[in-house]
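One structure is given below, encoded as structure tokens.
The values are calculated or read from the model by the stated rules, or taken from the named source; none is laboratory data. No experiment lies behind these values; they were computed from the predicted model shown. Glycine gets a Cβ as well: all are built from the backbone with ideal geometry, and neighbour counts include every protein chain shown.
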């Protein structure tokens with residue numbers, strides 16, 4: 001099944017869609033983040049007939065996916081009196097009472113009308129247990145065993161969007177760097193759950209700071225070899241890598257703007273200047289310069305705000321520039337060494353790394369309230385934070401496990417979850433949403 005396989009809507013909500021969605025909305029953005037309890041009913045091929053082949057594997061994948069959501073509490077099947085194997089997959093043959101008694105707010109049912117072997121279709125529905133209202137229902141046709149991870153991601157993205165307003169987490173792909181030796185590293189990508197892990201560049205030298213284009217076609221990165229610095233450009237459509245050189249210049253921390261142009265800091269031995277490049281990767285204009293270090297540009301989804309790191313006040317600090325007015329505001333007001341700015345897509349938050357007496361830690365500055373929050377606490381050092389497209393999840397690099405790895409947290413902090421990236425040091429995570437992923 002191709003990644004662009006069709007999804008068919010199975011029906012309308014049993015209750016008015018707006019009222020059901022409002023009732024089940026999980027506010028993940030407010031300071032008093034709430035949670036939701038969800039139960040997975042056993043997958044069925046018929047009344048009280050549990051699906052034990054592809055159905056069981058899909059159930060496992062969905063369960064693993066949902067474990068990455070810090071606001072999701074999964075109901076232990078053993079806590080459901082009468083068990084999770086049901087007479088049916090929707091009312092009136094769906095017993096909501098047993099899930100209510102187990103404390104579940106939502107129950108998910110899975111039905112394989114033609115069995116769960118070979119290539120078959122699967123129907124997945126989510127219901128509110130208190131009202132019986134259907135949050136959504138979709139059929140995923142022509143599913144074989146190799147498509148099960150994709151179906152799990154599609155369903156979890158749909159569920160997340162219903163509950164929070166954004167399914168970006170499960171639709172995203174992380175780009176990052178894996179190191180294989182001194183001055184030897186390449187760019188890899190994977191889902192934030194660790195699936196679809198693969199290496200996309202195979203060139204000698206060291207890759208640093210990958211960043212996705214908004215359309216998901218390109219990844220740009222800094223590339224260093226013994227002879228030169230260059231801007232690396234991976235083209236997803238062509239499967240090729242090119243290196244764009246700026247003779248005499250060091251290339252630092254490239255990033256894409258919302259209109260698919262690249263901003264990058266270039267230094268010819270003096271202070272780095274942030275340039276905007278055109279679509280041919282040629283200098284178009286200066287975005288930020290002067291008699292100080294200016295690096296690490298990132299942008300909100302409108303392209304009117306740019307966060308960056310600058311030494312204009314002495315030690316490195318984080319600043320925000322309004323690209324319409326040209327006005328610049330200092331963001332980081334505490335600490336003497338703040339770097340690696342990353343602006344949330346909605347433009348309300350800036351995350352960055354601060355050097356503390358215990359190592360580097362990740363902080364988030366709220367540009368609306370003015371409040372600063374520390375969201376990582378080690379052990380080891382935590383660096384290179386990056387916002388997901390939902391402005392909620394944050395990926396970062398940490399040495400807390402001994403070697404450097406990629407971890408996930410949220411704008412509120414909390415326990416960090418490691419992304420499985422295989423052996424070797426992994427660093428510089430950056431989110432993207434490639435079409436067809």
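Annotations for the structure displayed:
- Residue 140 being part of a strand (DSSP E or B) and either closer than 27 Å to residue 171 by Cα or modelled with pLDDT under 95 (or both): yes
- Positions within region 247-272 being farther than 19 Å from residue 343 by Cβ, touching a strand residue (DSSP E or B) at 6+ places or on another chain (Cβ under 6 Å) and free of Cβ contacts under 8 Å to residues at least 24 places away in the same chain, in sequence order: 249, 250, 266, 267
- Flag if residue 246 is in the same structural domain as residue 298 (by TED's automatic domain parsing), crowded, with 17+ Cβ neighbours inside 10 Å and under 30 Å from residue 149 (Cα atoms): no
- Complete set of residues in region 111-124 that are under 29 Å from residue 190 (Cβ atoms) and either surrounded by 22 or more Cβ atoms within 10 Å (Cβ to Cβ) or not assigned by TED's automatic domain parsing to the domain that holds residue 56 (or both): 112, 116, 122, 124
- Just one residue in the set 195, 236, 202 is more than 17 Å from residue 280 (Cβ to Cβ), more than 17 Å from the chain's Cα centre (by Cα) and in contact (Cβ under 8 Å) with a residue 40 or more places away in the chain; that residue is 236.
- Residue within region 75-85 that is surrounded by fewer than 21 Cβ atoms within 10 Å (Cβ to Cβ), in a helix (DSSP H, G or I), in contact (Cβ under 8 Å) with a residue 24 or more places away in the chain and under 31 Å from the mean Cα position of the chain (by Cα) present: yes
- Residue match in region 90-100 (condition: part of a loop (DSSP other than H, G, I, E, B), within 16 Å of residue 162 (Cβ to Cβ) and either in contact with a strand residue (DSSP E or B) (Cβ under 9 Å, 6 or more places away or on another chain) or outside the structural domain of residue 140 (by TED's automatic domain parsing) (or both)): no
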